[in-house]
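**Q** Okay, here's the structure, questions in a sec.
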Amino acid sequence: MYLFISIFYRLILWAVSPILFIFILIHSLFSPIQFIPYLYKTGILIPKVLKTKPVIWIHGVSAGEVASIQGIATLLRDQYHLFITSSTISGWIIVQKLYPSDTLSFFPLDYPIIYKRLLKRIEPKAILFIEGEIWPNILKESIRQGIPCFLLSGRLSDKEFKGYFKLKAFFGEVFNCFKVLSMQSEEDCRKACDLGVEPSKVFMGGNLKFDLKIDSSISQRHISLWQKDSFILIAASTHRGEEAIILKTYENLQHSFPNLKLVIAPRHPERSDSIANIANKLGLNPMKWSKYRELDPPEPINDRKVLILDTMGELTCFYPIAHLVLLAGSFVKGIGGHNPVEPAYFAKPIITGPYTHNFNPMIGEMLSKSAIIQLENTGEPIGKALVSTIEKMILDPHLSTSLGDKAKDFISKHRGSSLRTFNEIKSYLSH
């Protein structure tokens, strides 16, 4: 069964390659920022890797994953040169910011002609995959070449697990390519074993994101945004469909709470214009952060109560001034929520929506500690519950403070995954 599916997978890749090539050309034409990433992903560009030390390749799909490797990267860097890849533009921005002394690139497409050339050029001693992006061909080729692969901070959502389990004969073999699977929770460990992974390979190392080293370099511009008696609400990592809900919620609240201000931080900043259009239709007169940064000197914008964060990598600089955080990606179906670690790190009270299937174990544990508020899916418009919950938090500062403190305490008690994981894999790296 594995051989049949593997051959079928490769045939599909080659069958879609002409379409993929056309897509890359068109996408690069309409979105020039994607042109250079595609040169790396297709193997046309391969960065030169310093080989004064053995090379360790670390891959995280996007911004959150590559940010989470700071701890383990520090532990590895004394003995190894790091080759760090991401799959997205947001991840690329973060790796450039956090790892300037390492060799950086984009993860290659899963075609033999591409990844064989890359493996030959960089000659990694090991490959560390973060969380769960699984590429069967490159995994198999790495094992064939004697390059051990590790899954760190592994996570299997219910949706992913169901999909993998339907093709257990194939994905069980793929996951067994890993020398060690360091999973985030006991539930993730169980799911890995249910897929057919040898239990001796699986252990609970925890979530690397708990060890995040977060940039909190708040500037005078952030402090000067609004007058000091403002109550600042941040909607973090919003997606299409959520901004309309949040902006309407804000419109309903601002009459009762005139000092309430809103910062909307879209997951994809290129959508900022469409968000501004929604706000303008509600008469909210938003301002973009990129425009505010041009003010010299910075001054309060008290007449502009909605700010759109239209830049990448700056959300953590806003958390220190926030009074309440709406953790988005959870107010509409199909996304699965986002990680609460960053706002919790700053001891901020967090409200999340009902759709958090990608983070159910963590959200569930935080709920048991009264460290987060999750709105229920009652069948009624979620905006109604959002209005009443925000109103409750504004009127009860003690509740807000307590919620934020418990979130901070939850994060603090789960730190240490980087060291645990490093200790588990270091013996394999020394061979």
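**Q** What order do you get for Asp102, Asp78 when you list them from fewest to most C-beta neighbours inside 10 Å? Could the numbers behind the result be given before it?
**A** On the way: Asp102 18, Asp78 7.
By the 10 Å Cβ count, ascending: Asp78, Asp102.
**Q** Okay, next question. Answer with one residue from Ser256, Asn176, Pro199: the one whose Cα lies farthest towards the positive end of the charge dipole of the range 111-262, charges on Cβ with Lys, Arg +1 and Asp, Glu -1.
**A** So the residue we want is Asn176.
**Q** Can you bin the range 234-345 into rounded, prolate or oblate? Criterion: square roots of the alpha carbon gyration tensor eigenvalues sorted a ≥ b ≥ c, rounded for a/c under 1.5, prolate for a/b above b/c, oblate for the rest. Could the numbers behind the result be given before it?
**A** Details: a/c = 1.39, a/b = 1.19, b/c = 1.17.
It is rounded, given that a/c, with a ≥ b ≥ c, falls under 1.5.
**Q** Mind checking the dipole of the chain: about its Cα centre, +1 per Lys or Arg Cβ, -1 per Asp or Glu Cβ, Debye to the nearest 20? List each step's numbers first, then the result.
**A** Numbers: 49 positive and 39 negative charges, 222 e Å.
Rounded to the nearest 20 debye, it is 1060 debye.
**Q** Oh, and also: So what is the relative contact order for the chain, in percent, with contacts set as C-alpha pairs under 8 Å and at least six apart?
**A** Working: 756 pairs, mean separation 55.4, N = 431.
Once normalised by length, the contact order is 13 percent.
**Q** Mind putting a number on the dipole of the range 220-413 about its Cα centre? Charges go on the C-beta only, +1 for Lys and Arg and -1 for Asp and Glu, and I need it in Debye to the nearest 20. It would help to have the intermediate numbers written out before the result.
**A** Values: 21 positive and 20 negative charges, 19 e Å.
The calculation lands at about 100 debye.
**Q** What's the extension gain from Phe21 to Asp405 if we count 0.36 nm per residue and subtract their Cα-Cα distance? Present the calculation step by step, with values, prior to reporting the outcome.
**A** Values: separation 384, 0.36 × 384 = 138.24 nm, distance 5.04 nm.
Extending this stretch completely gives an extra 133.2 nm.
**Q** Now a separate question. Sequence gap at least 6, Cα distance under 8 Å: using those rules, report the relative contact order of the range 52-166 to the nearest whole percent. Walk me through the numbers on the way to the answer.
**A** Details: 179 pairs, mean separation 31.2, N = 115.
Here the relative contact order equals 27 percent.
**Q** Determine, for Ile321, Ile94, the number of other Cβ atoms within 10 Å of each Cβ, and report the residues in order from fewest to most.
**A** Values: Ile321 17, Ile94 22.
Ascending number of Cβ neighbours within 10 Å: Ile321, Ile94.
**Q** Among Tyr292, Tyr2, rank each residue by its count of other Cβ atoms within 10 Å, from fewest to most, as a rough exposure measure.
**A** Working: Tyr292 19, Tyr2 14.
So the ranking, lowest neighbour count to highest, is Tyr2, Tyr292.
**Q** Mind grabbing the base-10 log of I(q)/I(0) for the range 220-413 at q = 0.12, 0.14, 0.18 Å⁻¹? Debye formula, identical points on the C-alpha positions, no solvent, two decimal places.
**A** -0.54, -0.75, -1.29
**Q** So, by mean Cβ neighbours within 10 angstrom, what's the order for 400-407, 122-129, 324-331, 303-310 with the highest one leading? Don't skip to the end; give the middle numbers.
**A** Details: 400-407: 18.5, 122-129: 22.2, 324-331: 27.1, 303-310: 20.1.
Packing order, densest peptide first, comes out as 324-331, 122-129, 303-310, 400-407.
**Q** Give the span of the range 320-431's Cα atoms along each principal axis, as three whole-Å numbers ordered largest to smallest.
**A** The principal-axis extents, from largest down, are 59, 32, 24 Å.
**Q** When the chain is modelled as a GNM with alpha-carbon springs shorter than 10 Å, which of Phe359, Phe178, Phe30 fluctuates the most?
**A** Between Phe359, Phe178, Phe30, it is Phe30 that shows the largest mean-square fluctuation.
Taken together, the values in this text are just the output of simple stated rules run on the coordinates, not laboratory data. Note that the structure is a prediction, hence the values are computed from the model and not measured. Here Cβ is always computed from backbone atoms with ideal geometry, including for glycine, and neighbour counts include all displayed protein chains.
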